[in-house]
1. Using r as the Cβ-Cβ distance of LEU54 and VAL145, and R0 as 22 Å, what FRET efficiency do you calculate, to the nearest 0.05?
2. Along the Cα-to-Cβ line of VAL112, 7 Å from the Cα, sits a label point; which residues in segment 68-91 have backbone N less than 17 Å from it?
3. Heavy atoms only, probe 1.4 angstrom, no DNA, RNA or ligands counted: give me GLU97, GLU131 ranked by accessible area, highest first.
Amino acid sequence: MLEHLFSTKTTYNGRLTHTVLYFLINLLSILGVDSQSYSNIFIVSYIFNIVLSLITFLIVYRLAIRYSSNINFSRRATWFLAFNPFFLLYTGLPLKEPILFFALSLFLLFLVSHRKSYTVLLISLLIISFERVYIIPLLILILFVMEKNKLLKI
């Protein structure tokens, strides 16, 4: 399982998703459920995506609170994400996007936090590097631009 995550011979996109699906298929076989059935794999993947989407909603709510200090704004931001057709389409399918949205919400939480938790940044960049490695330079550029703006204000 971990050799696929760090292998240089396989595709770079979606490695963490493949590893999570492998773990969930093994969990199905341990529980005595048919782990070779596509329908069971899809059901477990959907359940995983729902749980991860709920965690993403909680993180978005927290980062909206930290950004605006307004509960109504935070609720609207979370409901907007929850009912956004793009978000619903890509998190409702057994794809790698729910993990990517989760990692991006962690990255945004780091950006809006007053006390910077670099473990949150490291976790988000690590997840993104296993899912979509080509997004990392864009996120690092965003970090540098934000730091440069803070230096210009001083």
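The values are calculated or read from the model by the stated rules, or taken from the named source; none is laboratory data. Since the model is a prediction, treat every value here as computed from it, not as a measurement. Here Cβ is always computed from backbone atoms with ideal geometry, including for glycine, and neighbour counts include all displayed protein chains. Side chains are part of the model used for accessible areas, which takes the heavy atoms of the whole protein and leaves out ligands, DNA and RNA. Shrake-Rupley method; radii C 1.70, N 1.55, O 1.52, S 1.80 Å.
1. Rounded to the nearest 0.05, the efficiency is 0.10.
2. 68-84
3. GLU97, GLU131
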